[in-house]
Amino acid sequence: MEMKIQISTLSENLIGKRVGLGEHGYSAFIEMDEANYLFDTGSGHSVVPNSLILNKDLRTIRKIFLSHGHYDHTGGLPEVLKIKGKVDVHAHPHIFLDRVHVIKENEKETKRFIGLPFKKSYLESLGANFILNKDFIEIEKGIFLTGEVPRKTSFEKPDPRLFAEMDGKTTQDVFLDDQSLILDTEKGLILILGCAHSGVINIINHVINKTGKEKFYVILGGTHLDFLTPEQLEESIRALKQMEIEKIGVSHCTGMRAAFRLQQEFGDRFFYGCVGSVLEI
Ligand SMILES: [Fe+2]
Ligand SMILES: [Fe+2]
(Lines give C-alpha, C1' and ligand atoms only; values in the text may rest on other atoms or scores of the structure.)
(Ligands and ions follow the chains in the order given, each with its own letter.)
Protein backbone atom coordinates (compact mmCIF):
# COMPACT_ATOMS: atom_id res chain seq x y z
CA MET A 1 0.00 0.00 0.00
CA GLU A 2 1.10 3.53 -0.71
CA MET A 3 0.96 5.68 2.37
CA LYS A 4 2.87 7.53 5.02
CA ILE A 5 3.77 5.40 7.99
CA GLN A 6 5.52 6.42 11.19
CA ILE A 7 6.49 3.87 13.82
CA SER A 8 7.77 5.13 17.19
CA THR A 9 9.25 3.04 19.97
CA LEU A 10 7.06 3.82 22.97
CA SER A 11 8.43 1.33 25.53
CA GLU A 12 11.83 -0.27 25.48
CA ASN A 13 14.69 -1.18 27.78
CA LEU A 14 16.81 1.84 26.81
CA ILE A 15 16.22 5.51 26.38
CA GLY A 16 18.37 7.26 23.85
CA LYS A 17 16.70 10.54 23.00
CA ARG A 18 17.11 12.36 26.31
CA VAL A 19 13.42 11.82 27.07
CA GLY A 20 11.19 9.05 28.35
CA LEU A 21 11.41 6.13 30.72
CA GLY A 22 13.17 2.84 30.02
CA GLU A 23 11.82 -0.48 31.28
CA HIS A 24 12.12 -4.17 30.46
CA GLY A 25 9.50 -4.46 27.72
CA TYR A 26 8.42 -3.38 24.28
CA SER A 27 5.72 -1.25 22.71
CA ALA A 28 5.49 0.47 19.34
CA PHE A 29 3.08 3.24 18.27
CA ILE A 30 2.14 3.00 14.61
CA GLU A 31 0.73 6.02 12.76
CA MET A 32 -0.77 5.52 9.33
CA ASP A 33 -2.90 7.71 7.04
CA GLU A 34 -6.17 6.18 8.13
CA ALA A 35 -5.57 5.29 11.77
CA ASN A 36 -3.09 4.64 14.54
CA TYR A 37 -2.30 1.29 16.16
CA LEU A 38 -0.46 0.01 19.21
CA PHE A 39 1.76 -3.08 19.09
CA ASP A 40 2.38 -4.40 22.63
CA THR A 41 2.18 -2.28 25.76
CA GLY A 42 5.47 -2.69 27.68
CA SER A 43 5.50 -3.73 31.36
CA GLY A 44 3.18 -0.92 32.40
CA HIS A 45 5.41 1.78 33.86
CA SER A 46 6.38 3.65 30.72
CA VAL A 47 3.69 3.39 28.08
CA VAL A 48 1.55 6.31 29.28
CA PRO A 49 4.38 8.67 30.43
CA ASN A 50 6.27 8.03 27.19
CA SER A 51 3.14 8.57 25.07
CA LEU A 52 2.76 12.02 26.67
CA ILE A 53 6.43 12.94 26.28
CA LEU A 54 6.57 11.71 22.69
CA ASN A 55 3.22 13.29 21.84
CA LYS A 56 1.48 10.06 20.86
CA ASP A 57 -2.19 10.24 21.76
CA LEU A 58 -3.31 6.81 23.01
CA ARG A 59 -6.95 7.88 22.52
CA THR A 60 -6.37 7.74 18.75
CA ILE A 61 -5.50 4.05 18.48
CA ARG A 62 -7.88 1.92 16.44
CA LYS A 63 -6.54 -1.46 17.47
CA ILE A 64 -4.07 -3.07 19.86
CA PHE A 65 -1.94 -6.04 18.82
CA LEU A 66 -0.30 -8.27 21.45
CA SER A 67 2.72 -10.32 20.38
CA HIS A 68 2.50 -12.87 23.23
CA GLY A 69 1.43 -13.24 26.85
CA HIS A 70 4.58 -12.15 28.71
CA TYR A 71 4.11 -9.34 31.24
CA ASP A 72 6.71 -7.13 29.56
CA HIS A 73 4.50 -6.88 26.45
CA THR A 74 1.06 -6.95 28.06
CA GLY A 75 1.55 -5.29 31.48
CA GLY A 76 0.67 -1.82 30.18
CA LEU A 77 -2.69 -2.93 28.80
CA PRO A 78 -4.85 -1.63 31.72
CA GLU A 79 -3.13 1.78 31.58
CA VAL A 80 -3.80 2.06 27.85
CA LEU A 81 -7.40 0.86 28.22
CA LYS A 82 -8.08 3.40 30.99
CA ILE A 83 -7.22 6.11 28.45
CA LYS A 84 -8.66 4.58 25.29
CA GLY A 85 -11.70 2.68 26.56
CA LYS A 86 -13.35 0.27 24.13
CA VAL A 87 -10.89 -1.16 21.62
CA ASP A 88 -10.19 -4.36 19.69
CA VAL A 89 -7.24 -6.32 21.09
CA HIS A 90 -5.83 -8.88 18.66
CA ALA A 91 -3.85 -11.82 20.06
CA HIS A 92 -3.46 -15.59 20.14
CA PRO A 93 -5.67 -17.46 22.69
CA HIS A 94 -2.57 -18.64 24.60
CA ILE A 95 -1.75 -15.12 25.83
CA PHE A 96 -3.80 -16.02 28.92
CA LEU A 97 -1.63 -19.03 29.89
CA ASP A 98 0.14 -18.94 33.26
CA ARG A 99 3.85 -18.64 32.63
CA VAL A 100 6.94 -18.93 34.79
CA HIS A 101 10.62 -18.22 34.53
CA VAL A 102 12.78 -20.76 36.39
CA ILE A 103 16.35 -19.94 37.35
CA LYS A 104 18.63 -22.54 38.90
CA GLU A 105 21.55 -21.06 40.80
CA ASN A 106 23.77 -23.02 43.21
CA GLU A 107 21.21 -25.84 43.52
CA LYS A 108 18.56 -23.27 44.37
CA GLU A 109 15.54 -22.95 42.10
CA THR A 110 13.74 -19.60 41.83
CA LYS A 111 10.40 -19.35 40.04
CA ARG A 112 8.96 -16.06 38.89
CA PHE A 113 5.53 -15.47 37.35
CA ILE A 114 5.98 -13.74 34.00
CA GLY A 115 2.58 -14.17 32.31
CA LEU A 116 -0.11 -11.62 31.59
CA PRO A 117 -0.61 -10.18 35.08
CA PHE A 118 -4.35 -9.41 34.73
CA LYS A 119 -7.54 -11.43 34.34
CA LYS A 120 -9.30 -11.37 31.00
CA SER A 121 -12.52 -10.22 32.67
CA TYR A 122 -10.73 -7.23 34.27
CA LEU A 123 -9.27 -6.19 30.92
CA GLU A 124 -12.70 -6.57 29.31
CA SER A 125 -14.24 -4.40 32.02
CA LEU A 126 -11.76 -1.67 31.00
CA GLY A 127 -12.85 -1.92 27.35
CA ALA A 128 -10.75 -4.69 25.76
CA ASN A 129 -12.57 -6.57 23.03
CA PHE A 130 -10.34 -9.61 22.51
CA ILE A 131 -10.21 -10.96 18.97
CA LEU A 132 -8.19 -14.15 19.08
CA ASN A 133 -6.44 -15.78 16.12
CA LYS A 134 -4.15 -18.76 15.64
CA ASP A 135 -3.61 -18.45 11.90
CA PHE A 136 -2.04 -15.89 9.60
CA ILE A 137 -4.68 -13.19 9.16
CA GLU A 138 -5.21 -9.91 7.31
CA ILE A 139 -6.60 -7.54 9.94
CA GLU A 140 -7.15 -4.60 7.61
CA LYS A 141 -5.89 -3.92 4.11
CA GLY A 142 -2.12 -4.40 4.16
CA ILE A 143 -1.94 -5.18 7.90
CA PHE A 144 -1.32 -8.82 8.83
CA LEU A 145 -0.65 -10.92 11.93
CA THR A 146 1.56 -13.99 11.47
CA GLY A 147 -0.46 -16.36 13.68
CA GLU A 148 1.43 -19.45 14.87
CA VAL A 149 4.89 -19.76 13.35
CA PRO A 150 6.17 -23.23 12.31
CA ARG A 151 9.50 -24.09 13.96
CA LYS A 152 11.82 -25.21 11.19
CA THR A 153 15.40 -24.01 11.72
CA SER A 154 17.75 -26.31 13.63
CA PHE A 155 19.45 -23.51 15.57
CA GLU A 156 16.44 -21.66 17.02
CA LYS A 157 15.54 -23.63 20.13
CA PRO A 158 12.98 -22.96 22.87
CA ASP A 159 14.36 -21.12 25.91
CA PRO A 160 14.90 -23.88 28.57
CA ARG A 161 14.17 -21.48 31.46
CA LEU A 162 10.63 -20.67 30.36
CA PHE A 163 7.59 -22.73 31.31
CA ALA A 164 3.84 -22.54 30.77
CA GLU A 165 0.92 -24.16 32.50
CA MET A 166 -1.37 -26.04 30.17
CA ASP A 167 -4.13 -28.51 31.09
CA GLY A 168 -2.94 -28.47 34.71
CA LYS A 169 0.63 -29.39 33.75
CA THR A 170 3.73 -27.24 33.78
CA THR A 171 5.69 -27.85 30.60
CA GLN A 172 8.38 -26.16 28.55
CA ASP A 173 6.85 -23.04 27.03
CA VAL A 174 6.53 -23.46 23.26
CA PHE A 175 5.00 -20.02 22.68
CA LEU A 176 2.36 -20.86 20.13
CA ASP A 177 1.06 -17.35 20.90
CA ASP A 178 4.21 -15.63 19.63
CA GLN A 179 3.14 -13.59 16.63
CA SER A 180 4.44 -10.60 14.74
CA LEU A 181 2.83 -7.76 12.83
CA ILE A 182 3.36 -7.17 9.11
CA LEU A 183 2.68 -3.97 7.19
CA ASP A 184 2.79 -4.40 3.43
CA THR A 185 4.18 -1.18 1.94
CA GLU A 186 5.41 -0.03 -1.45
CA LYS A 187 9.00 -0.12 -0.10
CA GLY A 188 8.68 -3.70 1.10
CA LEU A 189 7.36 -5.45 4.18
CA ILE A 190 7.65 -3.93 7.62
CA LEU A 191 7.95 -6.70 10.22
CA ILE A 192 7.45 -5.83 13.89
CA LEU A 193 8.54 -8.52 16.35
CA GLY A 194 7.53 -8.77 20.00
CA CYS A 195 10.08 -11.16 21.51
CA ALA A 196 10.50 -13.50 18.52
CA HIS A 197 10.17 -16.56 20.75
CA SER A 198 9.46 -18.59 17.58
CA GLY A 199 12.92 -17.68 16.30
CA VAL A 200 13.49 -14.63 14.11
CA ILE A 201 14.47 -16.72 11.08
CA ASN A 202 11.44 -19.02 11.47
CA ILE A 203 9.26 -15.90 11.61
CA ILE A 204 10.81 -14.33 8.50
CA ASN A 205 10.47 -17.60 6.56
CA HIS A 206 6.83 -17.89 7.64
CA VAL A 207 6.15 -14.31 6.52
CA ILE A 208 7.76 -14.96 3.10
CA ASN A 209 5.66 -18.12 2.78
CA LYS A 210 2.39 -16.48 3.68
CA THR A 211 2.76 -13.16 1.86
CA GLY A 212 4.66 -14.47 -1.17
CA LYS A 213 6.97 -11.45 -0.75
CA GLU A 214 10.67 -11.55 0.11
CA LYS A 215 11.59 -7.90 0.35
CA PHE A 216 11.68 -6.50 3.88
CA TYR A 217 11.95 -2.75 4.15
CA VAL A 218 12.60 -3.01 7.88
CA ILE A 219 12.57 -5.47 10.75
CA LEU A 220 11.79 -3.90 14.12
CA GLY A 221 11.38 -5.04 17.71
CA GLY A 222 12.66 -7.78 19.99
CA THR A 223 14.65 -10.52 18.28
CA HIS A 224 15.48 -12.64 21.38
CA LEU A 225 19.01 -13.03 19.96
CA ASP A 226 20.41 -12.25 23.43
CA PHE A 227 19.36 -15.69 24.64
CA LEU A 228 21.06 -17.79 21.98
CA THR A 229 24.47 -19.40 22.28
CA PRO A 230 27.27 -17.61 20.34
CA GLU A 231 27.07 -20.34 17.68
CA GLN A 232 23.30 -19.97 17.34
CA LEU A 233 23.67 -16.19 17.14
CA GLU A 234 26.16 -16.51 14.29
CA GLU A 235 23.83 -18.91 12.44
CA SER A 236 20.97 -16.45 12.82
CA ILE A 237 23.09 -13.55 11.56
CA ARG A 238 24.28 -15.62 8.60
CA ALA A 239 20.65 -16.42 7.73
CA LEU A 240 19.60 -12.77 8.16
CA LYS A 241 22.33 -11.63 5.80
CA GLN A 242 21.00 -13.94 3.09
CA MET A 243 17.60 -12.28 3.22
CA GLU A 244 16.51 -9.14 1.45
CA ILE A 245 16.43 -6.73 4.40
CA GLU A 246 16.94 -3.01 3.83
CA LYS A 247 17.03 -1.88 7.46
CA ILE A 248 17.10 -3.59 10.81
CA GLY A 249 16.08 -1.65 13.92
CA VAL A 250 16.20 -3.99 16.90
CA SER A 251 15.10 -3.47 20.51
CA HIS A 252 14.48 -5.13 23.87
CA CYS A 253 15.49 -8.82 24.07
CA THR A 254 18.05 -8.39 21.27
CA GLY A 255 20.55 -7.39 23.95
CA MET A 256 23.80 -5.49 23.50
CA ARG A 257 25.97 -8.41 22.38
CA ALA A 258 23.69 -9.25 19.43
CA ALA A 259 22.97 -5.58 18.69
CA PHE A 260 26.71 -4.87 18.33
CA ARG A 261 27.11 -7.91 16.07
CA LEU A 262 24.21 -6.78 13.89
CA GLN A 263 25.67 -3.29 13.71
CA GLN A 264 28.99 -4.76 12.51
CA GLU A 265 27.22 -6.79 9.84
CA PHE A 266 24.54 -4.35 8.67
CA GLY A 267 26.45 -1.08 9.14
CA ASP A 268 24.35 1.94 8.13
CA ARG A 269 21.33 -0.29 7.62
CA PHE A 270 21.30 -1.03 11.38
CA PHE A 271 19.80 1.15 14.10
CA TYR A 272 18.88 0.55 17.72
CA GLY A 273 15.18 1.11 18.46
CA CYS A 274 15.42 2.85 21.83
CA VAL A 275 12.54 4.77 23.43
CA GLY A 276 11.61 7.64 21.13
CA SER A 277 13.30 6.30 18.00
CA VAL A 278 11.15 6.87 14.94
CA LEU A 279 10.99 5.05 11.65
CA GLU A 280 9.30 6.97 8.90
CA ILE A 281 8.43 5.88 5.39
FE1 LIG B 1 10.01 -9.54 25.96
FE1 LIG C 1 8.74 -12.73 25.87
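The table for this structure:
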item: Rounded to the nearest 20 debye, dipole of the chain from Cβ charges on Lys, Arg, Asp, Glu; result: 360
item: Full-extension gain in nm, Lys17 to Ile281, via 0.36 nm per residue minus C-alpha separation; result: 93.0 nm
item: Probe 1.4 Å, accessible area per residue of segment 196-264, Å²; result: 40
item: 17 Å cut-off, amide nitrogen to a point 7 angstrom out along Asp184 Cα→Cβ, residues in segment 218-234; result: 218
item: Nearest-0.05 FRET efficiency for Lys4 and Leu132, computed from C-beta distance (R0 25 Å); result: 0.25
item: Projected label distance in nm at Ser154 and Glu234, using a 7 Å step from Cα toward the beta-carbon; result: 1.5
item: Whole-percent carbon and sulfur share, accessible surface of the chain, 1.4 Å; result: 50
item: Estimated FRET transfer efficiency when R0 is 30 angstrom, pair Asp88-Lys108 (beta carbons, to 0.05); result: 0.10
item: Rotationally averaged projected area of the chain (alpha carbon convex hull; nm²); result: 14.4
item: Cβ-based charge dipole, segment 89-184, positive-most Cα from His92, Ile139, Ser121; result: Ser121
item: Residue-normalised accessible area of segment 1-64, given per residue in Å² at a 1.4 Å probe; result: 44
item: Over the chain: helical MRE at 222 nm, DSSP H runs n ≥ 4 each giving -39500 (n - 2.57), nearest 500; result: -6000 deg cm²/dmol
item: Gyration tensor (alpha-carbon) shape descriptor, segment 37-156, a/c threshold 1.5; result: oblate
item: Cα lying deepest toward the dipole's positive end in the chain, options Ser198, Ser251, Gly16, charges on Cβ; result: Gly16
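The values are calculated or read from the model by the stated rules, or taken from the named source; none is laboratory data. Remember, it's a predicted structure, so these values are computed and weren't measured experimentally. Here the Cβ is made from the backbone with ideal geometry for all residues, glycine too, and neighbour counts use every protein chain on show. Please note that ligands, DNA and RNA were not included when accessible areas were found on the heavy atoms of the full protein model with its side chains. Shrake-Rupley method; radii C 1.70, N 1.55, O 1.52, S 1.80 Å.
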